[in-house]
Every structure is written in C-alpha cells, then in structure tokens.
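The values are calculated or read from the model by the stated rules, or taken from the named source; none is laboratory data. As the structure is a computational prediction, the values presented were derived from the model and not from experiment. Cβ atoms come from the backbone with ideal geometry, glycine included; neighbour counts cover every protein chain shown.
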Amino acid sequence: MLFNSLIFLFAFLPVTYLVFWQLRSTAQRHVWLTITGYVFYGYWDPRFCLLMAFTTMVSFCAGLGFLRATTDRQRKLLLIAPITVDLCVLGFFKYAGFASRSLNDVFALFGSDISVPVLDIILPIGISFYTFHTISYIIDSYRGVIRPTKSLFEFSAYVSLFSQLVAGPIVRFRQIEKDLENLGTANRAAGLSRGLSFLVYGLVEKVLIADTIAHFIEPNFAHFQSLSTAGAWLTMLGYSLQLYFDFSGYSSMAVGLGLMFGLHIPQNFNSPYRALNPSDF
C-alpha cells in the first residue's frame, strides 16, 4: 500500500485516523497503531508480517534483557546476539540470491561443474528500514541513551508505524519516545492542520511532479541507444529531479502523517543537492 494510492487515501487513512482518536488510553492507541501498521504492511504480502514480528520480538526481548543485565558480559551478549540475528535476516533476503548466482559464475569461470541452487527470494518491502529501527533501539539501550520499554505494543507501534515503515525516515526510538508514551493525552487538533499541509505538499511532489517526470523519462531509458547527447543529459537531469521529488514527497508525507497521530517524526530531507561533500549530504 502506497501513500498516494486510492485505497490508502480513501479507506485505510480515514478509518485509522477516526478509530485512533476514538480510543482514550495510551495502551489502546499503541495496540491500534500496531494493528494498522501490520495491515498496511501485509496489504502487499501478509507472509512478511511474520518476518517483521520476529525481528520485533528479538529486539524487544533484548531490551528487556538490558533491564535485568548485571554484568558487562551480559550486556555485550545482548548487544551482539540480536544485532547479528537482525543483520543475518536482512542479509539473507537482500543478498542470498546474488551470492548464489555469483558463486555459480565463479565456478563456471574455472570450468567447474559445481552448481549452487539459485535462490530467487522476494525482497520484503521496507525490511531495511525496520531492521535499522530495531538495531538503533538495541544500540541505544546498550549505551544507556534510552531505557528500554516494557510495553510490547509500544515497541511494536514504533517498529510498525505505517507512516515511516516502507520509505523511512529511519527514526530512533528516543526521538518519538515521549510522544509514544503520551499518546493518551495527545491533542487531536494540535497537529491536524500542519499534518495535512505536509501530507498534501508531499502528495503534490510525488504525484504531480515526480510521477509526471517519470512518465517522460522512462521511455528514454528503454531506448537509450537512440538518444542524442542532449537527450541523454536531459534524461539524466530529469531522473535526478524525479529522485529528488520522490524522496522529498515521501518524507513530507511521513512527517505529516505522524503529526496527524500526535507523533513528531523528524524531518530528514533538507536540500540534499546543495550538499558540498558526501558527509554534508
């Protein structure tokens, strides 16, 4: 499900918003955000909800472990083990197919008859985002930057928050911890107008600008051999603008959706093409 899809704008978002503000307690809103996050994610492929739930449980249990750990050895084990699990899951889905094909190419290069089964694995959408969410939570817990939550649904709401689940930004738990803890007393009117403004602005960037540019340049990529020098430069310039407005639009929509639900998601898109070096970028 995408932010600019009709099912999201005219069904999922209105229902999620209306029910959320009818609930009164913080715990109820945590549960509702978790449920809607999984519905949003599972709309593409429900099977991958199990994968996100597994990653969530691993990191949540690690957080509980930090609350009970009494030695440095225990704390280091609680740091290394869950991060290793998270990275192995991420690495398997992102690189297993590439690794198996590469091995077969190497064997063929040396004339070997050995053949490794090629794993054609579907990459779960958003897996990088929620994996780095959980990893940042574990690291911050280890460093003592945050006190790990004892509420499974608070943590699940953080990991599966639909507004930044599939396209970011990567939000550290400490950045929205207070908002999550105070959802029961959040002011509905406080963020509605500003949130809608961000959402509409992001939709304009994504739908009217980025997608329109893509309509003109995608045929050029399909027939790049016939492009003139000027045509090639214009196509690459158009692609740069498409990337800019696509990411900018999604970032604005994520911030706006967060505000509508009482969550202040930090803005992470600030004129990247004006960066003077990779570090500034």
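General observations
- In segment 149-169, the condition of being touching an Asp or Glu at 6+ places or on another chain (Cβ under 7 Å) and surrounded by 19 or more Cβ atoms within 10 Å (Cβ to Cβ) is met by no residue.
- When A232, A157 are checked against the criterion of being within 30 Å of I135 (Cα to Cα) and either outside the structural domain of N270 (by TED's automatic domain parsing) or in a helix (DSSP H, G or I) (or both), A157 stands alone in meeting it.
- Meets criteria (farther than 22 Å from C88 by Cα and either in contact with a Gly (Cβ under 7 Å, 6 or more places away or on another chain) or outside the structural domain of L78 (by TED's automatic domain parsing) (or both)) for G144: no
- Unique residue being buried (at least 16 other Cβ atoms within 10 Å of the Cβ) and either assigned to a helix (DSSP H, G or I) or not assigned by TED's automatic domain parsing to the domain that holds R147 (or both) when the list is L77, L64, L50, L87: L64
- Number of positions in segment 227-239 that are exposed (fewer than 11 other Cβ atoms within 10 Å of the Cβ) and hydroxyl-bearing (S, T, Y): 2
- Pair list, Cβ < 9 Å and 6+ apart or interchain, from segment 109-134 residues that are farther than 19 Å from I83 by Cβ and not assigned by TED's automatic domain parsing to the domain that holds F173 to residues that are surrounded by 17 or more Cβ atoms within 10 Å (Cβ to Cβ) and charged (D, E, K, R): none
- The residues on offer are V145, V118, V171, and the sole one that is outside any helix (DSSP H, G or I) and within 14 Å of H264 (Cα to Cα) is V171.
- If you filter segment 215-226 down to residues that are surrounded by fewer than 15 Cβ atoms within 10 Å (Cβ to Cβ) and touching a helix residue (DSSP H, G or I) at 6+ places or on another chain (Cβ under 8 Å), you find that the one that is farthest from I265 (Cα to Cα) is F224.
- P124 closer than 19 Å to M57 by Cβ and not polar (S, T, N, Q): yes
- Selection count, segment 149-178, where residues are without any contact (Cβ under 8 Å) to a residue 60 or more places away in the chain and out of contact with any helix residue (DSSP H, G or I) (no Cβ under 7 Å at 6 or more places or on another chain): 2
Residue by residue, here is whether (1) within 17 Å of the chain's Cα centre (by Cα); (2) of a type in the set (A, V, I, L, M); (3) at pLDDT 95 or above holds:
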| residue | (1), (2), (3) |
| --- | --- |
| M1 | yes, yes, no |
| V31 | no, yes, yes |
| T36 | yes, no, yes |
| G42 | yes, no, no |
| D45 | yes, no, no |
| F60 | no, no, yes |
| D72 | no, no, no |
| L90 | yes, yes, no |
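- Residue list for segment 92-132, restricted to those being under 16 Å from the mean Cα position of the chain (by Cα) and on the phi < 0 side of the Ramachandran plot: F93, K94, L123, P124, I125, I127, S128, F129, Y130, T131, F132
- Residues that are touching a residue at least 40 places away in the same chain (Cβ under 8 Å), under 30 Å from F216 (Cβ atoms) and part of a helix (DSSP H, G or I) within segment 248-281 comprise S248, G249, Y250, S251, S252, M253, A254, V255, G256, L257, listed in sequence order.
- Within segment 91-115, considering residues that are of a type in the set (S, T, N, Q) and in a loop (DSSP other than H, G, I, E, B), the one nearest to T131 (Cα to Cα): S115
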